[in-house]
Amino acid sequence: MLILFHELRFMFFFMIIVFTAPAIGDVFVGAKIAKMKVDVPSGSDPVNIAASIGYEFDSLLADLSLVGEVSRTMSSGSVSQGDDLEFEAESLYLVWKSSRSLFATLRGGVVQNETIVGNTSRDSNGILIGGSVGIVIGKTRLQIEYTSLAGHADFIGIGLEY
C-alpha cells in the first residue's frame, strides 16, 4: 500500500511537470476597486483599492496562479454611531482561470484582515473564497469579481490584471 502511494505521488508530480513546464506562465500585476460589505452595523460601506502580484502557471486546459494581494480603504464608510469604518486585508490565494477570451475564475486561500471602527480595531485570520468573470483584451484581463473574506466582509468590484 505504501509503495502504491509513493508511485501515485510520483505520477502526480510528473503530470504537473509535463503539463506546466512547457508553458510556464508569467508574473502579472493587478489593481482592483471594490465596495466592501463589512460585517458591522454600518450607515455606509467603505470603498477599497487593492494591489496584487501573481505568478501564472499555464496549462493546456486552464491556468493556475498564485496571488498575493493587499487591500486598503480608499474611502471610509461609517457606522450608525457616526464613527469611520475602514477595512484592511492581506491575502494569499490560488486562482483557477479558464483559458478563453471570455473567462471565469475560482479562488481560494488565506486572509488576514483588520476592521477599524473609530479608534478601535479587530484583527482576524481566515479563509478567502471567490470567483469572477472577465474578458481578455490584448495582455490585459478585465474582470468583475466577488470574494468573501473569512466571513467578515464581502468584496464586490472590478479589477485589471496585466
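The values are calculated or read from the model by the stated rules, or taken from the named source; none is laboratory data. Since the structure is predicted, the reported quantities are computational estimates derived from the model, not experimental observations. Glycine gets a Cβ as well: all are built from the backbone with ideal geometry, and neighbour counts include every protein chain shown.
The figures follow:
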read-out	value
Within the stretch 37-65, tally of residues that are at pLDDT 95 or above and of a type in the set (A, V, I, L, M, F, W, C)	5
Matching residues in the stretch 93-111 - criterion: being surrounded by fewer than 16 Cβ atoms within 10 Å (Cβ to Cβ) and either closer than 20 Å to VAL38 by Cα or more than 11 Å from the chain's Cα centre (by Cα) (or both)	SER98, SER99, ARG100, SER101, LEU102, ALA104, GLY108, VAL110
ARG100 modelled with pLDDT of 95 or more and either touching a Pro at 6+ places or on another chain (Cβ under 8 Å) or not aliphatic (A, V, I, L, M) (or both)	no
